[in-house]
Amino acid sequence: MAKYIFLTGGVVSSVGKGISAASIGRILKSRSVSVSVQKIDPYLNVDPGTMSPSQHGEVFVTQDGAETDLDLGHYERFIGVELTQASNVTSGQVYSSVIAQERRGDFLGGTIQVVPHVTNEIKKRIRQVAEISGADVVIVEVGGTVGDIEGQPFLEAIRQMRKDEGRDNVLYIHVTFLPYITATNELKTKPTQHSVNELRRIGIQPDVILCRSDKEISEEIKDKISLFCDVDKEAVIPLVTSETIYEVPLLLEEAGLGDFIVNRLKLEAAECNLDNWRNMVAKLKTPKEPVTIGLVGKYVGLQDAYYSVREALCHAALAYDREVRIEWLDSEELDVTSNGKLRQVQGIIVPGGFGYRGIEGMIKAAKFAREKEIPYLGLCLGMQIMVIEFARCVFHTENVNSTEFDADTAYPVIDLLPEQCGIDQKGGTMRLGTYPCHLVPGTKAAQAYSCEVAYERHRHRFEFNNAFRQTLEEAGMTASGLSPDGKLVEIAELKDHPWMVSCQFHPEFKSRLDCPHPLFMGFIGAAKETLTEGAQTSLPIS
Ligand code: GLN
């Protein structure tokens, strides 16, 4: 039978609840306790797939094709697990399901209420993660902060879980923030006390209080929190802002959280072994020679929109004993003049995206990379951009595009497949989740992967248009990764370029600190050899 750890948030959001949940998963795993994780998002959207990255950050895609919260990326990267759609629950999903049951007549004339119908549906979804994963412990992070209106049914459901599952099988961790007052040079505990009171009002007494702060937390402060919030002093866990997020499991372990959880939940656990993790963090914190990458996108002011890309770059750089420095370049204001930032980068990456805004800037960046022989990695939209730019050069016209951006273009090199036409819904109607990709021997992509078939995660509607494949291949582009039937171009690369490789999928979701992704390795490997001025040669394509 699985045991459950519930994380709630207090005081303010964005204090690292997701990283904490992921880190707790890592410290349990390092004791040979198997773990799965679930994120509860109380908003009414069915999934974040229809939300703008400016509202919600990156949409993380699971192997089974769910469009989920970016916290699932932390869980996968920290714990080394592959999660499923069951790991992200929203109010939208819960209410849709309860209402569908009501319409079917499943409730036999009953009145449908938040308690018990909605809370039962929530508990069913929490237990589903335990059933699917067979994990010893399921960590459930409740998004938002205590007191949010949408969060109430979820808090009520997790309150009921302690009674349902038994006291030894459920643990509540409340993550709060201790503000620092400069004038008096002190950390304040009052907001934490208030938020614990709010939690108690709902019927939840936290077992652990995780206190995020930007300053060291004194014994006195811990005593105070322990007294006012009625938790053991050893369960007041400080979480002081660290240099890297990957250090958090080490900090929580040092603070004794691993042992506390094991004892309180009476878990069968091995000795904690975080040696590998500790070594990687030490390597990460050692100053290293930088490799500078230009990331060209339209949400560069909001780096959460490209979270997994940033992490994947960092993982690959670490494997080469380098530190990645990212120049965030706004595609709407791209400057390719002699002083432009683009001229100072050793590699260019164009990540995924939707809609026309910023597209022409990305095309300029791809042209710059091609002509100046700067390594380029295109991710999903970034591949479509590379193809459009190359085809504009081959066909000697600007009238080449994806039909996503120009429905009437003369050369629709990126287009919908005939079977996709007629889709009129926006949510969940893309090519989503893992698909196999056969690597074409002798290509840069095959060299990077050194295997025959890769399994990668997709999230897009538009595809490479095969009507132009032969012409573009003859002009110097290679389809180096293909679907098993050979019909879908999954990876494209340029022959006469040091490293210009793009993929229709999102490799960033599969990269780990201890297992960087092959395409990011290939890209950083080429970029670190590049002089910032770039080789000033143009390719003979015209
Ligand atoms: N907008 C493009 C498409 O739908 C690319 C999507 C993406 O980059 N994830 O095909």
Q.
Suppose we filter the stretch 56-92 for residues that are out of contact with any helix residue (DSSP H, G or I) (no Cβ under 9 Å at 6 or more places or on another chain) and touching a residue at least 40 places away in the same chain (Cβ under 8 Å); how many remain?
A. 1
Q: Being within 15 Å of Ala130 (Cβ to Cβ) and surrounded by 20 or more Cβ atoms within 10 Å (Cβ to Cβ) is the filter here, so list the residues in the stretch 163-174 that pass it.
A: Val170, Leu171
Q: Return the pairs, sorted by first residue and then second, in which the second residue is of a type in the set (Gly, Ala, Ser) and part of a strand (DSSP E or B), the first residue lies in the stretch 175-187 and is in contact (Cβ under 8 Å) with a residue 24 or more places away in the chain and more than 16 Å from Glu198 (Cα to Cα), the beta carbons are less than 6 Å apart, and the residues are 6+ apart or on different chains.
A: Leu178/Ser213; Leu187/Ser213
(Q) If I ask for residues that are part of a helix (DSSP H, G or I) and of a type in the set (Ser, Thr, Tyr), which ones from the stretch 89-99 would you list? (A) Ser91, Tyr95, Ser96, Ser97
Q | Selection status of Pro375, more than 16 Å from the ligand (Cβ to nearest atom) and either modelled with pLDDT of 95 or more or at positive phi (or both) | A | yes
**Q.** Filter result for Phe60 (among the aromatic types (Phe, Trp, Tyr), touching an Asp or Glu at 6+ places or on another chain (Cβ under 9 Å) and either crowded, with 23+ Cβ neighbours inside 10 Å or modelled with pLDDT of 95 or more (or both))
**A.** yes
Q. Can you name the number of the only condition in (1) closer than 17 Å to Ala305 by Cα; (2) assigned to a loop (DSSP other than H, G, I, E, B) that Val15 fails?
A. (1)
Q) Within the stretch 208-222, can one find any residue that is surrounded by 14 or more Cβ atoms within 10 Å (Cβ to Cβ), in a helix (DSSP H, G or I) and without any contact (Cβ under 8 Å) to a residue 40 or more places away in the chain? A) yes
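Which is under 19 Å from the mean Cα position of the chain (by Cα) and surrounded by fewer than 19 Cβ atoms within 10 Å (Cβ to Cβ), of Gly301, Gly355, Gly340?
Every option except Gly301 fails the conditions.
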Q) Given the residues Val345, Val413, which is the only one that is of a type in the set (Val, Ile, Thr), away from the ligand (no atom under 16 Å from the Cβ) and crowded, with 16+ Cβ neighbours inside 10 Å? A) Val345
Q: Output yes when any residue across the stretch 128-144 is in contact with a strand residue (DSSP E or B) (Cβ under 8 Å, 6 or more places away or on another chain), among the small types (Gly, Ala, Ser) and farther than 17 Å from Met1 by Cβ, and no when none is.
A: yes
Q | Residue, nearest to Ile209 (Cα to Cα), within the stretch 126-161, restricted to residues that are more than 25 Å from the chain's Cα centre (by Cα) and without any contact (Cβ under 8 Å) to a residue 40 or more places away in the chain | A | Ala157
Q) Going through the stretch 476-514 one residue at a time, which ones are in contact with a Phe, Trp or Tyr (Cβ under 8 Å, 6 or more places away or on another chain) and among the hydrophobic types (A, V, I, L, M, F, W, C)? A) Met477, Ala479, Leu488, Val489, Ala492, Leu494, Trp499, Met500, Val501, Phe505, Phe509, Leu513
Q: Looking at (1) touching a Phe, Trp or Tyr at 6+ places or on another chain (Cβ under 8 Å); (2) in a strand (DSSP E or B), find the lone condition where Thr176 falls short.
A: (1)
**Q.** Which numbered condition Lys364 misses (of (1) within 16 Å of the ligand (Cβ to nearest atom); (2) surrounded by 17 or more Cβ atoms within 10 Å (Cβ to Cβ))
**A.** (1)
Q) Within the stretch 23-55, which residues are over 21 Å from Arg159 (Cα atoms), touching a helix residue (DSSP H, G or I) at 6+ places or on another chain (Cβ under 8 Å), in a helix (DSSP H, G or I) and touching a residue at least 60 places away in the same chain (Cβ under 8 Å)? A) Ser23, Gly25, Arg26, Ile27, Leu28, Pro53, Ser54
Q) Do we have any residue at all in the stretch 349-356 that's away from the ligand (no atom under 16 Å from the Cβ), out of contact with any Gly (no Cβ under 8 Å at 6 or more places or on another chain) and more than 23 Å from Gly481 (Cα to Cα)? A) no
Q.
Suppose we filter the stretch 100-157 for residues that are closer than 17 Å to Lys17 by Cβ, part of a helix (DSSP H, G or I) and among the small types (Gly, Ala, Ser); how many remain?
A. 0
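The values are calculated or read from the model by the stated rules, or taken from the named source; none is laboratory data. Note that the structure is a prediction, hence the values are computed from the model and not measured. In this analysis, Cβ positions are derived from the backbone assuming ideal geometry, glycine residues included, and neighbour counts consider all displayed protein chains.
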